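Engineer: Pasting a structure here, questions to come.
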Amino acid sequence: MTEKRENWLLFTLAGIQFTHILDFMVMMPLGPQFTRIFGISDAQFGLLVSAYTLAGGLSGLVASTFIERFGRKRMLLTLYAFFCLSAVACSLAPGYHALMAARIAAGVFGGVLSSMSQTIVGDVIPFERRGRAMGIVMTSFSAASVAGVPAGLWLADHFGWHAPFMGIASLSALLGLFAAWTMPALDAHVNRQGGTSAWQRIGGVLADVNHRKAFAFTALVMFGGFTMIPFLAINAQYGIGLRQDQLPYIYLCGGLGALLTARWIGRLADRFGKVRCFRWLCAGALLPMFTMALLPWGTPLWVVLATSTIFMAFMGGRMIPSMAIVTSTANPAARGTFMTLNASVQSAAMGFAALLGGSLIGRAANGQVQHYWMNASLAAMASLIAIWLAGRLFLHQTASTPLKSGVG
């Protein structure tokens, strides 16, 4: 596989990741608008966020029963087409309950896209370059913060909250056509399934102790972030005192910090080891995590931005080695099934973390946010356990699927 073809594949995957991550991320800074427009509580907003991830977890379980029967490209593009339609449904939703239904649909299709991208990376990228590859694909998180979220908020401020979702749908349609043209078939794994049933493959994945440890590791990493991240904007506006027009700066600066460090972190993971790099970043995130949660009302904007930028850079950065670790724990012969089940665990953990975070955070009589430090405490506990568990995973250091020549 040439470096040029490898880069084309990685940037295509990053583009697809960008849109479905943006679809999830843009909900969070819109939290203050949704709570005001729909007259809902922070816990109800947490449920709106969780609906996407919990639906993604359920769809991942279903997809694991048939994902190995189809080529990676065919599966990816089919899911992406339905995800695009669900984004249109979000943009047309007339109220809270209709939006909830549309978010569930978006989660059903978008939740599996991440696992498909990670599976493809694990299939075709050698272990020694997998950190760099994950760094490229994971820049989609940062790009969504730098460009996508501020643009989405600008659209929401000028054209209403429906507009960002229509923008996501339009961009997804263009990227889907590009992916159909540039991606190879990626179907070599189909011929290796033999007579093994889907349930036998799932049972084999779950019987592997290393796989079960990897699922626990994934859940802890997600809990270490999503008890806090969905409520950053709500806390910034109603806990620290930022104006609504200042909220995009949090995501712009934080995403830029993560974007500038992502590929560097990927190379560090390849050079010094995925586990060691993850532990450094996970431990480094603890201080800005608590600082962000404890900033008092009236904190100057520059202090908020400095803290949130460091927080988001560490949180986004640790995802790079953690995903390289998880991808490498999979038995190469069952990587597609493993990664789809792992996506279910990831989505479910994100959903439950957001639900729990929404129940922990509170409001004073004057509407000011309280108890955000409890969210940080739970995130820190999960992060510390993840640091311990990372060293107890076995990493397979091979890719399982050669990249077929030609564009399928």
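The values are calculated or read from the model by the stated rules, or taken from the named source; none is laboratory data. Just so you know, these numbers come straight off a predicted model, no measurement behind them. Cβ atoms come from the backbone with ideal geometry, glycine included; neighbour counts cover every protein chain shown. Ligands, DNA and RNA are excluded from the accessible area calculation, which covers all protein heavy atoms including side chains. Shrake-Rupley method; radii C 1.70, N 1.55, O 1.52, S 1.80 Å.
Engineer: So what does the Cα-only Debye profile of the stretch 21-156 read at q = 0.16 Å⁻¹, as log10 I(q)/I(0), no solvent term?
Structural biologist: Debye curve over Cα of the stretch 21-156, log10 I(q)/I(0) at q = 0.16 Å⁻¹: -0.90.
Engineer: Rolling a 1.4 angstrom probe over the protein heavy atoms, how many square angstrom per residue are accessible across the chain?
Structural biologist: 37
Engineer: For the stretch 270-305, which chymotrypsin sites (Phe, Trp or Tyr not before Pro) are in a loop by DSSP, counting at most 10 other Cβ atoms within 10 Å?
Structural biologist: Loop-located and lightly packed - TRP297.
Engineer: Something else about it: Given the stretch 1-77, report the % of alpha carbon pairs whose separation exceeds 13 Å.
Structural biologist: Beyond 13 Å sits 77 percent of the P(r) for the stretch 1-77.
Engineer: Tell me the Kirkwood radius of the stretch 230-308: reciprocal of the mean inverse pair distance over distinct alpha-carbon atoms, in Å.
Structural biologist: After inverting the mean inverse Cα-Cα distance, the result is 13.9 Å.
Engineer: Now for a different question. Dimensions of the stretch 83-172 along principal axes (Cα, Å, largest first)?
Structural biologist: 49, 26, 18
Engineer: What is the calculated FRET efficiency for THR65 to SER41, with r their C-beta to C-beta distance and R₀ = 41 Å, to the nearest 0.05?
Structural biologist: 0.65
Engineer: For the chain, just list the percent of Cα-Cα distances falling in each 10 Å bin from zero outward, please.
Structural biologist: 5, 24, 35, 25, 9, 1, 0
Engineer: So, with +1 on the Cβ of K and R and -1 on the Cβ of D and E, and no other charges, what is the size of the charge dipole of the chain about its Cα centre, to the nearest 20 debye?
Structural biologist: 900
Engineer: Keeping all protein chains in position, work out how much accessible area LYS73 exposes to a 1.4 Å probe, and write it in Å² to the nearest 10.
Structural biologist: That residue has around 20 Å² of solvent-accessible surface.
Engineer: With a 1.4 Å probe and every protein chain left in place, tell me how much accessible area ILE229 has, in Å² to the nearest 10.
Structural biologist: Roughly 40 Å² of ILE229 is accessible to a 1.4 Å probe.
Engineer: Which percent of the accessible area of the stretch 1-141 is formed by carbon and sulfur heavy atoms (probe 1.4 angstrom)?
Structural biologist: Carbon-and-sulfur percentage of accessible area, whole number: 71.
Engineer: List the residues whose amide H sits under 5 Å from the amide H of GLN370, counting only those 5 or more places along or on another chain, with H placed 1.01 Å from N in the peptide plane.
Structural biologist: Under 5 Å from the amide H of GLN370: GLY362, ARG363, ALA364.
Engineer: Got a sec? What order do TRP264, TRP373 fall in by accessible area at 1.4 Å, biggest, i.e. largest, first?
Structural biologist: Order by accessible area, largest first: TRP264, TRP373.
Engineer: Same structure, new question: Select from the stretch 35-68 those chymotrypsin sites (Phe, Trp or Tyr not before Pro) which occupy a DSSP coil region and have at most 13 other Cβ atoms within 10 Å, ordered by residue number.
Structural biologist: Within the stretch 35-68, the qualifying chymotrypsin sites (Phe, Trp or Tyr not before Pro) (loop, at most 13 other Cβ atoms within 10 Å) are PHE66.
Engineer: So what are the radius of gyration and Dmax for the Cα set of the stretch 272-399, in Å?
Structural biologist: 17.3, 57
Engineer: In the stretch 211-331, what percent of the accessible surface is made up of carbon and sulfur (1.4 Å probe, ligands and nucleic acids excluded)?
Structural biologist: Here carbon and sulfur together make up 69 percent of the probe-accessible area.
Engineer: Work out the FRET efficiency for LEU294 and ASN366 from their Cβ-Cβ distance, taking R0 = 22 Å, and round it to the nearest 0.05.
Structural biologist: Once rounded, the FRET efficiency stands at 0.70.
Engineer: Among GLN244, GLY284, LEU305, flag the residue with its Cα farthest along the positive direction of the charge dipole of the stretch 226-311, charges on Cβ as +1 for Lys/Arg and -1 for Asp/Glu.
Structural biologist: About the Cα centre, the residue reaching furthest to the positive side is GLY284.
Engineer: Taking a 1.4 Å probe, which of ASP270, ASP23 shows the most accessible area, and what order do the others take after it?
Structural biologist: ASP270, ASP23
Engineer: If you don't mind, another one. Between TRP161 and residues 5 or more places away or on another chain, which pairs have amide H atoms under 5 Å apart, with H built 1.01 Å from N, and which residues are they?
Structural biologist: none
Engineer: Along Cα→Cβ, 7 Å out, is where each label goes; now give me the distance between the ones at PHE394 and VAL209 in nm to one decimal.
Structural biologist: Simple spin-label model gives 0.9 nm for this pair.
Engineer: Hey, how much of the P(r) for the stretch 317-387 falls beyond 16 Å, as a percent of Cα pairs?
Structural biologist: 63
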